[in-house]
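Notes for the one structure printed next.
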Amino acid sequence: MKIKHQPETNNLGLVIPPSPEIISFLSINKPSKVPDRINRHHLYWPKNYYHQNKLTTSFREHRFNSVWLLKSVHRDIHDIYDGVPYPPKEVMEVYLQEATILDELGVCIKAIEMINEAIYEDRVKHERSTNEHKNQRLNLVSQNVARAIHFEALPKEVVSTTINRALSLFDAA
């Protein structure tokens, strides 16, 4: 696939998502006969190019690799750029490994938040086992936060949001 115009990428070959300024610029004074709606934009396209094997498909379809935009802005991006070449295989593999850790971290955080809510609302019958379960989850969160701090491929904005959410659990504990 020959790509002449591609979105900006970082030093690892990963697409830098469109900034709010770019989105705002593309959406200024867009006359439309029908109301604009929200549309999912994959950062890596064309679809058939990325749906060649399990790695490239998983990479393209991961939730961290898409953004929600107005349909008109989405169309404009595809009019400006004609696709995105594969990042290096090793980068995609590391990205997906890091994304899995971050997803697991998110699950642990949600579990702790639910336990805290149950304790706060006095819905806990077995306080000792509930606290043991909570402490196990807090240990997993701590381990995964330590790993997440050293991530190389995932965008810092995605990582820092989850880490900040995890750290707030320790402040509340």
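The values are calculated or read from the model by the stated rules, or taken from the named source; none is laboratory data. Please read these numbers as outputs of a predicted model, since none were measured by experiment. All Cβ positions, glycine included, derive from the backbone under ideal geometry; neighbour counts span all protein chains shown. Keep in mind that these areas ignore ligands, DNA and RNA; they rest on the heavy atoms of the full protein, side chains included. Shrake-Rupley method; radii C 1.70, N 1.55, O 1.52, S 1.80 Å.
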| field | Pairwise label distance in nanometres, ARG75 with SER168, each label 7 Å out on the Cα-Cβ vector | value | 3.8 nm
| Roughly to the nearest percent, how much of the accessible area of the chain is carbon and sulfur, given a 1.4 Å probe? | 53 percent
| task | Compute, for LYS110, the solvent-accessible surface of its heavy atoms (probe 1.4 Å) with the complete set of protein chains present, and express it in square angstrom to the nearest 10. | result | 100 Å²
| said: Probe radius 1.4 Å, ligands and nucleic acids left out: which of GLU121, GLU93, GLU21 has the largest accessible area, and how do the rest follow? | reply: GLU21, GLU121, GLU93
| note | For the range 19-104, averaging the sequence separation of alpha carbon pairs under 8 Å that lie six or more residues apart and dividing by its residue count, the contact order in percent is 35 percent
| task | Can you spot the aspartates and glutamates whose alpha carbon is less than 15 Å from LYS125's alpha carbon? Ignore those fewer than 8 places along the same chain. | result | GLU117
| query | Roughly how many whole Å is it from the C-alpha centroid of the range 51-91 to that of the range 120-173? | reply | 30 Å
| query | Once the other residues with Cβ under 12 Å from the Cβ of GLU117 are scored (Lys, Arg +1; Asp, Glu -1), what is the net sum? | reply | 0
| field | Exposure rank, largest accessible area first [MET114, MET92; 1.4 Å] | value | MET114, MET92
| task | Take PHE64, PHE25 and sort them by solvent-accessible surface of the protein heavy atoms, 1.4 Å probe, largest at the top. | result | PHE25, PHE64
| query | Which value, in Å² and to the nearest 10, is the accessible area of ASP103 when all protein chains are kept and the probe is 1.4 Å? | reply | 50 Å²
| message | How far apart, in nanometres, would the label points at GLU61 and VAL124 be if each is projected 7 angstrom from Cα along the Cα-to-Cβ direction? | response | 3.9 nm
| task | Would you mind checking the pairs LYS47/LYS71; LYS47/LYS156; LYS47/LYS89; LYS110/LYS134; LYS54/LYS156 and listing those with alpha carbons more than 20 angstrom apart? | result | LYS47/LYS156; LYS54/LYS156
| Counting only heavy atoms of protein chains, what accessible area per residue, in Å², does the chain have with a probe of 1.4 Å? | 65 Å²
| task | With all protein chains present, calculate the accessible area of GLU132 using a 1.4 Å probe and round the result to the nearest 10 Å². | result | 90 Å²
| request: Could you tell me, in Å, what Rg and Dmax come out for the Cα atoms of the chain? | output: 20.2, 63
